[in-house]
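What follows is a set of notes on a single structure, which appears directly below.
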Amino acid sequence: MERRSVTRLLFRRPLIHRRSGRSRTITARLRNSRLAAFILCVGAALTVATPPAAAATNPCQALSDGQSRYQAGTAQTILFAIAADYGTAVVDVVACVKRGTAWQRILVTAGHIGRNGFAEPNAKREGDGKSPTGSYPLTEAFGVANPGTELPYRTLRNDGACWGSTSGDHRYNTYYSGTCLPADENLSELMHAGPYEQVAVIDYNRPPHSPIVHGNGSAIFLHAGSGPTAGCVALARPDLETVIKTLRPHDRIIMGPKRVLFR
């Protein structure tokens, strides 16, 4: 029905016939009120049928309602890193803990990812300044001392702790100790600088999530920071420690643009 005709029916003056008087007036009012009620009911039905916009603003509820495209598996804690879209380095970081069959939100904070935003699924490459999109286990942690996490924890040495980022080297995307290659991450130096005082490893491009593919990206971590990264997820140190303390084996991070993560 055209809007103009609806407006006329709802707001025109009562139809009073000179010869029928009051009865025609009442009939016209009843007809107009029924039409208005019908339009309101149709509008309400259309609103209910639309997928709730709250899915992305409360990802824990979306996870409970089956609106997340990535499943939780056996995780007890799920961390979300959600960007408005591709091309932005700013994310909302939300931590969800499973309570019975539902997911409860325990932390919401701002964070940052790669300086060039998220890569599309399966498109992350070494040195592109992007963070991978997808769902990944949080398998281990490292830093100055265990803050209380149940993840396997490695206390870093003052020097000689490295993470391979040299494509073609057998240590690519793994921890090793010794002299770090120029392209590899010197974890000891970054620990002393602050960002790596506490770190959780995002198991991107490495077992058990996937075999290591040289050149597809390495050293994707959850660490402290207040600005864009080379591909990691960074958030404020107090929030980082809160999250790491809740983590245990099989917990995961789900990360990417809002429209990719939710139905």
Practice prompt. Please list the non-local residues whose amide H lies under 5 Å from the amide H of Thr139, H modeled 1.01 Å from N, same-chain partners needing a gap of 5 or more.
Written response: Val201, Asp203
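If R₀ is 45 angstrom, what is the calculated FRET efficiency for the pair Asp65 and His214, using the beta carbon separation as r and rounding to 0.05?
Working: r = 39 Å, r/R0 = 0.87.
Step by step, r from the Cβ atoms, then E = 0.70.
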Discussion item. Give me the percent of accessible area attributable to carbon and sulfur for the range 181-263, probe 1.4 angstrom.
Written reply: 56
Fill in: Projected label distance in nm at Arg115 and Asp85, using a 7 Å step from Cα toward the beta-carbon
2.3
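If you take every residue apart from Ser188 with its C-beta less than 14 Å away from the C-beta of Ser188, what net charge results, scoring Lys and Arg +1 and Asp and Glu -1? Walk me through the intermediate numbers first.
Details: positive: Arg154, Arg157; negative: Asp159, Asp184, Glu185, Glu189, Glu197.
My count for the surroundings of Ser188 gives -3.
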Item to complete: Could you work out how far the C-alpha centroid of the range 158-207 sits from that of the range 124-140, in angstrom?
Response: 15
Response to the item:
Looking only at lysines whose Cα falls under 25 Å of Lys258's and that sit 8 or more positions away or on another chain, we get Lys98, Lys124, Lys130
Discussion item. Given the range 135-216, report the % of alpha carbon pairs whose separation exceeds 16 Å.
Written reply: 53
Item to complete: Please give the contour-minus-distance gain from Arg248 to Asn158: 0.36 nm per residue of separation, less the Cα-Cα distance, rounded to one decimal in nm.
Response: 29.8 nm
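Using a Förster radius of 45 Å, what is the FRET efficiency between Arg99 and Leu181 based on their Cβ-Cβ separation? Nearest 0.05, please.
On the way: r = 45 Å, r/R0 = 1.00.
Efficiency computed from Cβ-Cβ geometry: 0.50.
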Practice prompt. Can you tell me the dipole magnitude for the range 88-219 around its Cα centre, using point charges on the Cβ only (Lys, Arg +1; Asp, Glu -1), in Debye to the nearest 20?
Written response: 400
Practice prompt. State in Å² the accessible area per residue of the range 146-263; use a 1.4 Å probe, count heavy atoms of protein chains only, and round to the nearest integer.
Written response: 43
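The values are calculated or read from the model by the stated rules, or taken from the named source; none is laboratory data. What you see is a predicted model, and the numbers here were worked out from it, not measured in a lab. All Cβ positions, glycine included, derive from the backbone under ideal geometry; neighbour counts span all protein chains shown. Surface accessibility is based on the protein's heavy atoms, side chains included, excluding ligands, DNA and RNA. Shrake-Rupley method; radii C 1.70, N 1.55, O 1.52, S 1.80 Å.
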